[in-house]
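Okay, so here's the structure we're looking at.
The values are calculated or read from the model by the stated rules, or taken from the named source; none is laboratory data. From a predicted model like this one, the values you see are computed outputs, not experimental measurements. All Cβ positions, glycine included, derive from the backbone under ideal geometry; neighbour counts span all protein chains shown. Ligands, DNA and RNA are excluded from the accessible area calculation, which covers all protein heavy atoms including side chains. Shrake-Rupley method; radii C 1.70, N 1.55, O 1.52, S 1.80 Å.
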Amino acid sequence: MYRIKPAHITGIKVITHGICLGFIALFYYWGFTDQLEGDPVKILIHQMGIAALNMLLLTLALSPIAKTFRQSALIKLRRLFGLYSFAFAALHFTNYLVFDLQLDWANLFEDIIKRPYMTVGFVSIIILFALSITSPDNVKRKMKKHWQTLHNFVYLSGALGVLHYIWSVKTSVGKPLVYLIIITILLVLRKDKAKHWIKKQFKA
Ligand code: HEM
């Protein structure tokens with residue numbers, strides 16, 4: 001049976017860096033040189049938000065794909081994909097705070113408290129932040145079993161990210177529905193792991 005080798009993983013990582021960094025550089029270049037049609041701020045918020053969600057769902061999909069196709073090497077991509085999800089989410093958030101709210105922090109906190117779609121987006125990005133800063137190997141070693149407990153929250157972050165998307169759209173619901181179906185499948189695939197984890201918590 002064909003197996004993905006470490007050299008292929010390195011290749012995929014290089015391609016991922018190229019696509020993600022190229023995507024960011026292109027959109028900001030187009031934004032700052034007035035080459036985005038329509039409202040550039042809205043476009044940047046949209047593109048970075050969608051990219052964050054895509055990378056997050058891709059991160060969650062790696063385990064079931066690796067298991068189904070017996071390609072355990074794919075698991076090595078989880079950290080990189082997850083970090084890019086956070087990077088896109090951070091840019092999405094920063095675009096909103098800097099270009100839309102003109103750094104009005106009070107307005108931001110009011111939004112987060114009063115608008116449910118902002119509240120769930122905020123929780124989702126906080127989880128991504130916590131996972132990113134605890135992703136280095138030395139932190140993982142220090143956290144021992146708590147690391148896995150914390151990193152299981154990636155599923156909650158994904159679910160809240162999709163909810164944030166669904167609540168944020170005012171017109172067409174077609175695309176958000178596709179994301180809802182994907183996250184539901186991903187969560188259903190992990191339900192045994194979740195059951196096992198909950199049982200363990202009650203036993204402890
Ligand atoms: C505090 C954190 C966040 C803030 C302040 C925020 C802000 C926003 C805003 C202002 C919009 C545009 C809504 C509109 O068009 O009226 C939006 C949409 C969106 N956000 Fe977020 N967001 C946050 C977190 C996240 C996270 C963590 C993700 C992904 C994991 C995400 C993904 C999206 C997506 C996919 C859209 C829809 C894009 C569109 O159709 O234009 N957001 N967010």
Could you give the accessible area per residue of the chain, probe 1.4 Å, as a whole number in Å²? 63
Find the all-direction average of the projected area of the Cα convex hull for the range 1-90, expressing the result in square nanometres with one decimal place. 6.3
Give, rounded to the nearest 20 debye, the magnitude of the charge dipole that the chain has about its Cα centre when Lys and Arg contribute +1 at Cβ and Asp and Glu contribute -1 at Cβ. 1820
Taking every eigenvalue of the Cα gyration tensor of the range 58-169, multiplying by 5 and rooting it, what semi-axes result, largest first, whole Å? 29, 16, 13
Short version: what are the Cα gyration tensor semi-axes of the range 51-91, square root of 5 times each eigenvalue, largest first, in whole Å? 21, 9, 4
How much of the calculated P(r) for the chain lies past 29 Å, in percent of all Cα pairs? 29
